[in-house]
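Each remark here refers to the structure printed beneath this line.
The values are calculated or read from the model by the stated rules, or taken from the named source; none is laboratory data. Quantities reported herein were computed from a predicted structural model and do not represent experimental measurements. Here the Cβ positions follow ideal geometry from the backbone for every residue, glycine too, while neighbour counts run over all protein chains shown.
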Amino acid sequence: MKIKEILQSEGNEQKIHVKGWVRTRRGSKHVSFIALNDGSTINSIQVVAEASDFDEELVKQITTGSCISVSGKLVASKGSGQAVEILAKTIEILGGADADEYPLQPKKHSLEFLREKAHLRFRTNTFSAVFRLRHALTFAVHKFFNDKGFFNLHTPIITGTDAEGAGEIFQVTNLDLENLPKNEEGKIDFSADFFGSKTNLTVSGQLEAELGALALGQVYTFGPTFRAENSNTSRHLSEFWMIEPEVAFADLNENMDLAEEFLKYCIQYCIENNAEDLQFLDARMEEEESKLKKEERSEMGLLERLQFVIENNFVRLTYREAIDVLRNSKPNKKKKFQYPINGFGDDLQSEHERYLVEKKYKKPVIITDYPKGIKAFYMRMNEDNETVRAMDILFPTIGEIVGGSQREERLDKLQERMEEMDVCQKELWWYLETRKFGTCTHSGFGLGFERLIMFVTGMKNIRDVIPFPRTPQNAEF
Ligand code: 4AD
Ligand code: MG
């Protein structure tokens, strides 16, 4: 039986068989109390082993981290802290864990330490809670879109395009790097490469999702994306998961409505289905924050913050309005921003995003209509010919969580932008054909899945919400 199920049962002396990993063993000469966890829930079951029933040598092997199989009966607990406990009849050691060598001691370890032990960190309360929530959010994403009649589309992981045009791509090749084939001009001959052309890992499934939307109506992707940004921050991964819906006939306003509804749904889903894990993480965050200086602490606890986001409308403002607010803000006037805001055209840095969300509006904020110069080629041009129908959603403590736009559906305008931005039209002939044949208004966005998990779990470093993080200089495990 799974421990989750056992803990919901009454202790009527019924026979129980359970397997799991030992969190702790304490007790006396006469009796041992074993906290056993099998990952099904944050809570462990207490196993009581009377010394008279067991071989002393066996009991000694029941150390933190060892894996055991227990048979016995479930009874109402005599102690406080748990309603039921297992009176063990037989215990089998399935896999021992040498107490001197096992890296996880029954005490609090730092997240940095646990990152180096990523193969074992699932066995801690914090990480098991985070990864159960990661699963719940995955499920919520699919449920949300399925219930709305979207189709999940698997877009390619190996591609020849750089959808975002930022050049942060990982090349994919099976050419012998020591001995590269060259063409007549002395350049690398990619026609000799595996796919007969230059390829890379995808930075986004958007362009292919657009092709799907212009036939299936509403699609979404949910896959890994790869970016060779050399930004070693707490919010960037080199390999992360992105959810990208794409909707035919939707304009930017409908796109924002969808994104807001989607984010609230995912958070609500966790509140309803993962209460125990969230309560644990809420308490954990409170404890972590108590170590900070008062001015660095968040105004809200984790659960309170999640509820707050669900209950309030996101603030919507244009980039021009945001720049005005920022230019006239106290930190800008007092030269407290590392990147001062001078005016139109300035890119928003995370310090600006956090000011708007955490200080000014104290709510999630959606900024629209950015200058064309700081956004990708595919965004729809506004009448002013200076701004595009982009939207970024900014979240408290996270900054940008969603980036999206209404797409340029007019062939001539799209070609114009590609020319200006030096995007190769020949390579994207298939993308352009959707504008040539049966084009229509359409929009979509990308949600950084790990950033959503950070928000829901209160974890402050993105490396702690993905099982095995890939970051510059690190691809272990
Ligand atoms: O804003 P981005 O670059 O948008 C796109 O890729 C569009 N093609 C999406 C679309 O319209 N279909 O990325 C979308 C989101 C960001 O808002 C952020 O949450 C996340 O992806 N993201 C990252 N997450 C972790 N590590 C990174 N290096 C990330 N880069 C972007
Ligand atoms: Mg973005």
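A few notes on this one:
- Some residue of the stretch 283-302 being part of a loop (DSSP other than H, G, I, E, B), touching a residue at least 12 places away in the same chain (Cβ under 8 Å), in contact with a Pro (Cβ under 7 Å, 6 or more places away or on another chain) and not aromatic (Phe, Trp, Tyr): no
- Restricting attention to the stretch 1-22, the residues that are closer than 22 Å to Leu133 by Cβ and touching a helix residue (DSSP H, G or I) at 6+ places or on another chain (Cβ under 8 Å) add up to 2.
- Leading residue by the ranking (farthest from the chain's Cα centre (by Cα)) among those in the stretch 397-433 that are crowded, with 22+ Cβ neighbours inside 10 Å and more than 16 Å from ligand 2 (Cβ to nearest atom): Leu414
- When Leu216, Leu153 are checked against the criterion of being out of contact with any Lys or Arg (no Cβ under 8 Å at 6 or more places or on another chain), modelled with pLDDT of 95 or more, more than 29 Å from Met459 (Cβ to Cβ) and surrounded by fewer than 19 Cβ atoms within 10 Å (Cβ to Cβ), Leu216 stands alone in meeting it.
- Residue list for the stretch 365-396, restricted to those being polar (S, T, N, Q), out of contact with any Pro (no Cβ under 7 Å at 6 or more places or on another chain) and surrounded by 21 or more Cβ atoms within 10 Å (Cβ to Cβ): Thr368
- Listed by first and then second residue, the pairs linking a residue in the stretch 96-121 that is assigned to a helix (DSSP H, G or I) to a residue that is not charged (D, E, K, R), with Cβ atoms under 6 Å apart and 6 or more places separating them unless they lie on different chains, are Arg121/Leu114; Arg121/Phe127.
- Of the residues making up the stretch 434-458, those that are closer than 26 Å to Asn385 by Cα, buried (at least 18 other Cβ atoms within 10 Å of the Cβ) and either within 13 Å of ligand 1 (Cβ to nearest atom) or free of Cβ contacts under 8 Å to residues at least 40 places away in the same chain (or both) are Arg435, His442, Ser443, Gly444, Phe445, Gly446.
- Beta carbons closer than 8 Å, at least 6 apart along the sequence or on distinct chains, pair a first residue in the stretch 390-404 that is in the same structural domain as Thr368 (by TED's automatic domain parsing) with a second that is within 9 Å of ligand 2 (Cβ to nearest atom) and of a type in the set (Lys, Arg) for Ala390/Lys375.
- Count of residues meeting criterion [within 16 Å of ligand 2 (Cβ to nearest atom) and in contact with a strand residue (DSSP E or B) (Cβ under 8 Å, 6 or more places away or on another chain)] in the stretch 180-208: 5
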